[in-house]
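Heads up, the thing below is written out as structure tokens.
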Amino acid sequence: MNLREVASADSDQRKRFERKAQSLIARHRGSVPVVLVSHRPNIDLLTMELVDEGDLLVGRANANGEIDVLGKIKVQ
């Protein structure tokens with residue numbers, strides 16, 4: 001799955017992206033850490049968190065494939 005930027009995507013494309021991303025996240029849910037590398041606005045859409053350039057979010061995937069944010073790490 002391509003986690004490309006969706007800022008210019010229309011509403012239907014954005015919803016398809018969100019469903020695909022949540023499905024991917026839900027499939028990799030468990031005790032093994034998974035690292036996702038993405039850009040804004042993708043990370044904003046998937047976590048409902050605004051992040052600054054270089055920030056890292058730590059989260060846990062729930063059963064719906066949504067990311068529950070546990071914290072934010074500021075990188076200098």
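The values are calculated or read from the model by the stated rules, or taken from the named source; none is laboratory data. Predicted model, so just to flag it, every value in this text is computed and none were measured. Please note: Cβ atoms are built from the backbone with ideal geometry, for glycine as well, and neighbour counts cover all protein chains shown. Ligands, DNA and RNA are excluded from the accessible area calculation, which covers all protein heavy atoms including side chains. Shrake-Rupley method; radii C 1.70, N 1.55, O 1.52, S 1.80 Å.
Which of the residues belonging to the range 55-76 are farther than 17 Å from G30 by Cα and either touching a helix residue (DSSP H, G or I) at 6+ places or on another chain (Cβ under 8 Å) or assigned to a strand (DSSP E or B) (or both)?
L56, L57, G71, K72, I73
Selection within the range 24-41: residues that are small (G, A, S) and open to solvent by less than 100 Å² (accessible area, probe 1.4 Å). The member of this set that is modelled with the highest pLDDT is A26. Restricting the first member to the range 19-35 and to residues that are without any contact (Cβ under 8 Å) to a residue 24 or more places away in the chain, and the second to residues that are assigned to a loop (DSSP other than H, G, I, E, B) and open to solvent by 80 Å² or more (accessible area, probe 1.4 Å), the beta-carbon pairs closer than 6 Å and six or more apart or on different chains are K20/M1. Looking only at residues of the range 52-64 that are open to solvent by 30 Å² or more (accessible area, probe 1.4 Å) and among the charged types (D, E, K, R), we find that the one that is nearest to R16 (Cα to Cα) is R60. Checked against the criteria, E49 counts as surrounded by fewer than 15 Cβ atoms within 10 Å (Cβ to Cβ) and modelled with pLDDT of 85 or more.
Take the conditions in a helix (DSSP H, G or I) and either over 11 Å from the mean Cα position of the chain (by Cα) or at pLDDT below 85 (or both) and apply them to D44. Does it pass? So D44 passes the test. Scan the range 7-23 and give yes if some residue there is at pLDDT below 80 and open to solvent by 100 Å² or more (accessible area, probe 1.4 Å), otherwise no. Scanning the range 7-23 turns up at least one residue that is at pLDDT below 80 and open to solvent by 100 Å² or more (accessible area, probe 1.4 Å).
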